[in-house]
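Okay, structure first, notes after.
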Amino acid sequence: MKKYNIAIVGATGMVGRKFLEVLEERQLPLSNCYLFASARSAGKTLEFMGKEYTILELTETCFDDKEIDIALFSAGASVSRKYAPIAASKGIVVIDNSSAWRMDDEVPLVVPEVNPDEILKHKGIIANPNCSTIQAVVVLNPLHRRYKIKRIVYSTYQAVSGAGLNGYLDLQNGIQGKTTLLKFPHPIFANCIPHIDDFLDNGYTKEEMKMIQETQKILGDHSLKITATTVRVPVFHGHSESINVEFERGFDLNELREVLANSPGIIVVDNPKNNEYPMPIYAENRDEVFVGRIRRDDSVASGVNLWVVADNIRKGAATNTVQIAQKLIEYWENGRLNR
Ligand code: A2P
């Protein structure tokens, strides 16, 4: 198999470091690797696949003298908005973890368990969805195909690691009794903050609108009725979501469980009599999405309640991005896409 050259943009960040870990675990066929971050980190080193790499500064010309096949970006939306098109213009396929390109009609928004063939339509940039959207659609897609979803109500309980290193530090400092805040507008220790990303004029946050619009795009149905409330909770790793779903068609609850259990990337943990249900502490460092508390919503003709948990930095970010890279390489190798 041919070997490919890869670049990581934002290599020193929480997700960037996880990219390296997941690339190594999944043993992608890689030869050269280039690690980019800001001028603050340039010259420092990071270890990857047993080798030490010097971090390079991301600049407008940094891709010029290098043969790079794939670049994984996780350095924030403004960096992606500026540098992803520069990389793409050099023939590099960018897989972008920021929100910059997700809702662009020309950019595929991909969860490999759900819509891998969208990758075939790429024009140089492929977007990785928001962490809370990814774990939701892995579970909702097989149910939508079978029972046709009419309406979704999302309520999330999101870990501080989703807000980057400073979010993590706000919880750690709070536990130690320190009151300085680096990221959140309020203390997160012993608290819940119903505010993730900026507020919009319609009263929703950007995070809530991302969940709504990205779910519609990935499931390929812009008529889906969706509402969302997203909340930051004092958990380090792992997002939890209560998802209420209303279907067009009727369903048998045991069959619905089977549909979930037999779908890729999902583990059903649903034995409440033994206190068994998904929880963030058990999802940490796992690539699967966990679903439990599966029960009929008797307040509507055909509805179900689900509790969905995943590691937001792995399946919600790094793992999904690396899975997209793996699919891309598979399509190059089997001739479905030309390199
Ligand atoms: P650096 O460490 O040099 O600041 P996180 O989301 O965990 O805060 O990580 C953000 C990542 O994005 C880091 O690797 C950070 O690099 C990188 N980054 C932030 N701003 C820039 C920029 N203007 N140019 C290049 N990389 C950037």
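The values are calculated or read from the model by the stated rules, or taken from the named source; none is laboratory data. Computed from a prediction, not measured in an experiment: that's the story for all the values here. Glycine gets a Cβ as well: all are built from the backbone with ideal geometry, and neighbour counts include every protein chain shown. Side chains are part of the model used for accessible areas, which takes the heavy atoms of the whole protein and leaves out ligands, DNA and RNA. Shrake-Rupley method; radii C 1.70, N 1.55, O 1.52, S 1.80 Å.
Restricting the search to strands (runs of 3 or more DSSP E) fully inside segment 57-138 and requiring at least 1 residues that are in contact with a Pro (Cβ under 9 Å, 6 or more places away or on another chain) gives 93-96, 125-127.
For (1) away from the ligand (no atom under 16 Å from the Cβ); (2) modelled with pLDDT of 95 or more; (3) closer than 23 Å to MET209 by Cβ; (4) not hydroxyl-bearing (Ser, Thr, Tyr), each residue gets a yes or a no:
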{"site": "LYS51", "(1), (2), (3), (4)": "yes, yes, no, yes"}
{"site": "GLY76", "(1), (2), (3), (4)": "no, yes, yes, yes"}
{"site": "PRO85", "(1), (2), (3), (4)": "no, yes, no, yes"}
{"site": "ALA88", "(1), (2), (3), (4)": "yes, yes, no, yes"}
{"site": "VAL93", "(1), (2), (3), (4)": "yes, yes, no, yes"}
{"site": "SER98", "(1), (2), (3), (4)": "no, yes, yes, no"}
{"site": "MET103", "(1), (2), (3), (4)": "yes, yes, yes, yes"}
{"site": "PRO116", "(1), (2), (3), (4)": "yes, yes, no, yes"}
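When PHE251, PHE236 are checked against the criterion of being open to solvent by 50 Å² or more (accessible area, probe 1.4 Å) and in contact (Cβ under 8 Å) with a residue 40 or more places away in the chain, a single residue qualifies: PHE236. Here MET1 meets each of (1) farther than 30 Å from LYS210 by Cα; (2) within 11 Å of the ligand (Cβ to nearest atom) with one exception, condition (2). Determine, yes or no, whether PHE19 is touching a Cys at 6+ places or on another chain (Cβ under 7 Å), within 28 Å of GLU118 (Cα to Cα) and within 16 Å of the ligand (Cβ to nearest atom). No: the conditions fail for PHE19. For segment 42-86, which residues satisfy the criterion of being small (Gly, Ala, Ser) and either surrounded by fewer than 18 Cβ atoms within 10 Å (Cβ to Cβ) or over 12 Å from ILE6 (Cα atoms) (or both)? The answer is ALA42, GLY43, GLY50, SER74, ALA75, GLY76, ALA77, SER78, SER80, ALA84.
Taking first residues from segment 158-172 that are of a type in the set (A, V, I, L, M, F, W, C) and partners that are within 9 Å of the ligand (Cβ to nearest atom) and open to solvent by 20 Å² or more (accessible area, probe 1.4 Å), the Cβ contacts under 8 Å between residues at least 6 apart in sequence or on separate chains come to VAL160/TYR168; LEU165/GLY13; LEU165/MET14.
If you go through segment 282-300 one residue at a time, do you hit one that is of a type outside the set (Asp, Glu), at negative phi, assigned to a helix (DSSP H, G or I) and out of contact with any helix residue (DSSP H, G or I) (no Cβ under 8 Å at 6 or more places or on another chain)?
For segment 282-300, residues of a type outside the set (Asp, Glu), at negative phi, assigned to a helix (DSSP H, G or I) and out of contact with any helix residue (DSSP H, G or I) (no Cβ under 8 Å at 6 or more places or on another chain): present.
For segment 164-204, the set of residues classified as acidic (Asp, Glu) and either surrounded by 13 or more Cβ atoms within 10 Å (Cβ to Cβ) or assigned by TED's automatic domain parsing to the domain that holds ALA11 (or both) consists of ASP170, ASP197, listed by residue number. The set of residues in segment 57-74 being within 10 Å of the ligand (Cβ to nearest atom) and not polar (S, T, N, Q) consists of GLU57, LEU58, CYS62, PHE73.
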